[in-house]
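Structure incoming, see below.
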Amino acid sequence: MLGTEPFDFYSLNWCDSSKGHTYDDSILKEKIVYGDTVNESVHESPYTYRVGESMDTAEVVCRKILSKTEVTQFTDMIWKRFRYQLFVDDLPNATMERNEKTGELEANYKQGNLLGEHTRDSAGANYLLYNHLSITVKTHHVAAGDELRIVGFEVEPKSIKLGGSLVVDSLDQQEPQWLKRHGKTVDLEDGILFSYSIRTVNDETTTWASRMDHYYSFGREDVHMRQILISLGIMLATTFLAFGYVKVSVTRDFALLHGGMTSSRQRRSVILRNDQDEARNLSL
């Protein structure tokens, strides 16, 4: 889970997978690497995908009765904007987020899924929980046969109040599931329903070989700029250190040279005075 500091996904009271909350490294054959991130702590999720599947009605994963402490844990994570990411066939999900200016859904390939939303009004803080995931899996037909390969994986988090319709076409019209409203914890005695829906779409433009291109390219401008600034900083620091070293060396050399010249003048002066003294002595 990504935020100001890492937490295990099941540090919150989510629905159990078939293996429970225990970390199981047997499901991860190798490290999943994309962009600049290496994912090693991967749990089995409670969501199941069958290739080619599309749902008309969302699947209920579980109903959770949260204690006051657990509600506070969720709201704290939401306020800190923690995120998590799902994987299918070693492909990390892109999060579909709505652009505040245009209102259009855009794919975020880098950061993962937010736990919910936090807003504030004159009456206090509001915390909305994303308890439903609308999942889109994109597949590509292999030219040499009937094999389908997964080339895209998108997740749009949604919030659906307990009792709302789980028909896929009506999910956007449901009331959201609030944890806190106007600064007060809402009545959660009946629990919170966690659910998901999946649809499979055909994508003939993306091949297996190019399916990771979005992840490598998304946000790379910021990464490149950061790398350039870091490199410039290192160059400047090295230049200042080298300049300081050269300055100290030159100053020391000049000091030694000046000291040697002064000592030589003093020696010549003494010799001259001695010679003059001897000359005077001889004249006597």
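First select every other residue whose beta carbon is under 15 angstrom from the beta carbon of Ile65; then total the charges, Lys and Arg +1, Asp and Glu -1.
-2
Moving to a separate point now. Taking the Cα atoms of region 9-218 alone, what are Rg (to one decimal) and Dmax (as a whole number) in Å?
17.9, 62
Step through the table entries Lys64/Lys161; Lys68/Lys184; Lys80/Lys180; Lys110/Lys180; Lys158/Lys180; Lys68/Lys158, compare each Cα-Cα distance with 18 Å, and write down the pairs that go over it.
Checking Cα-Cα distances, Lys110/Lys180; Lys68/Lys158 exceed 18 Å.
Here's another thing I want to ask about it. What is the log10 of I(q)/I(0) for region 133-223, computed with the Debye formula using one identical point scatterer on each Cα and no solvent, at q = 0.23 Å⁻¹?
After summing over all Cα pairs, the log10 values are -1.09.
What does the charge count around Ile150 come to, taking other residues whose C-beta lies under 13 Å from its C-beta (Lys +1, Arg +1, Asp -1, Glu -1)?
-2
Still on this model: Using 0.36 nm times the number of residues separating Ser249 and Ile234, minus their current alpha carbon distance, what extension gain do you get? Spell out each step's value before the answer.
Working: separation 15, 0.36 × 15 = 5.40 nm, distance 2.23 nm.
Once the chain is fully extended between Ser249 and Ile234, it gains 3.2 nm.
In nm, to one decimal, how far is the modelled label at Val186 from the one at Asp172, with both set 7 Å along Cα→Cβ?
Taking the simple label geometry, Val186 and Asp172 are separated by 2.1 nm.
Where a number appears in this text, it was derived from the coordinates with a stated rule and is not lab data. The shown structure was predicted, so the numbers you read here are calculated from the model rather than taken from an experiment. Heads up, the Cβs are rebuilt from the backbone with ideal geometry, glycines too, and the neighbour counts pull from every protein chain shown.
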